[in-house]
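The values are calculated or read from the model by the stated rules, or taken from the named source; none is laboratory data. Please read these numbers as outputs of a predicted model, since none were measured by experiment. Glycine gets a Cβ as well: all are built from the backbone with ideal geometry, and neighbour counts include every protein chain shown.
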Amino acid sequence: MQDHNLFSIYTKRLNQAGLRYVVTGSVAGIIYGEPRLTHDVDIIVYLKVIDLNNLLDSFPDREFYLPPIEVIRTEMSRTMRGHFNIIHHDTGFKADIYLVGSDPLHIFAFKGAKQFEIDGEKVNVAPPEYVIIRKLEFYDEGKSQKHLIDIKSILKNCPLEIDKDFIRKNIKSTEIVKLFNSMFE
């Protein structure tokens, strides 16, 4: 059985390094909704050039796979969709690291981040609206039902008020807006 908080392999180190981050994706869906199996954690990181050595020190190559620093620098130079992976050797658990860049939704995720204490550790989590919008986008791209299941779980169980109008305004596809609206019928 999967340890319920493998994602803490990453969040503890990011906290210790003082790097700004928010957890999103399925782990955020679990925090806001209901438990389910996941094979990775999605984390948005605010990473500056000055932070690179700190990042590398926090995830040493004897314990983690990180791409070469040149790849990380290339991804950091992207204004949108900068991304790389970190993989924990012992567990194989992967972190998909997304860089803030100038993506307005990533910026929103940082501004509206929520902090939870999980197993005595503070974890910064993207707001539920961000998680739902991204899950709708991923559903639109690949039609994977797990995203819709996660969204319904968040809408049903989230301990926070969810701004549904904000979500509707930030969905780009009218078909997906209709799908989102149908979740309340």
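Screening Val45 against (1) out of contact with any Lys or Arg (no Cβ under 9 Å at 6 or more places or on another chain); (2) under 25 Å from Phe108 (Cβ atoms) leaves a single unmet condition, (1).
Going through segment 10-39 one residue at a time, which ones are more than 14 Å from the chain's Cα centre (by Cα) and on the phi > 0 side of the Ramachandran plot?
The answer is Gly18, and nothing else.
A Cβ distance below 9 Å, combined with a sequence gap of six or more or placement on separate chains, defines the contacts here; from segment 160-172, residues that are of a type in the set (Val, Ile, Thr) reach residues that are in a loop (DSSP other than H, G, I, E, B) in the pairs Ile162/Pro127.
Would segment 43-51 turn up any residue that is of a type outside the set (Val, Ile, Thr), in contact (Cβ under 8 Å) with a residue 40 or more places away in the chain, over 24 Å from Glu117 (Cβ atoms) and part of a helix (DSSP H, G or I)?
Within segment 43-51, not a single residue is of a type outside the set (Val, Ile, Thr), in contact (Cβ under 8 Å) with a residue 40 or more places away in the chain, over 24 Å from Glu117 (Cβ atoms) and part of a helix (DSSP H, G or I).
Just so you know, in segment 63-74 the residues that are of a type outside the set (Asp, Glu) and touching a residue at least 12 places away in the same chain (Cβ under 8 Å) include one that is nearest to Asn5 (Cα to Cα), and it is Phe64. Determine if segment 109-119 includes at least one residue that is within 14 Å of the chain's Cα centre (by Cα) and more than 25 Å from Pro159 (Cα to Cα). So far as segment 109-119 goes, no, none of its residues is within 14 Å of the chain's Cα centre (by Cα) and more than 25 Å from Pro159 (Cα to Cα). The helices (runs of 4 or more DSSP H) falling completely within segment 57-153 that include 1 or more residues that are surrounded by fewer than 13 Cβ atoms within 10 Å (Cβ to Cβ), modelled with pLDDT of 95 or more and of a type outside the set (Asp, Glu) map to 69-77, 104-111.
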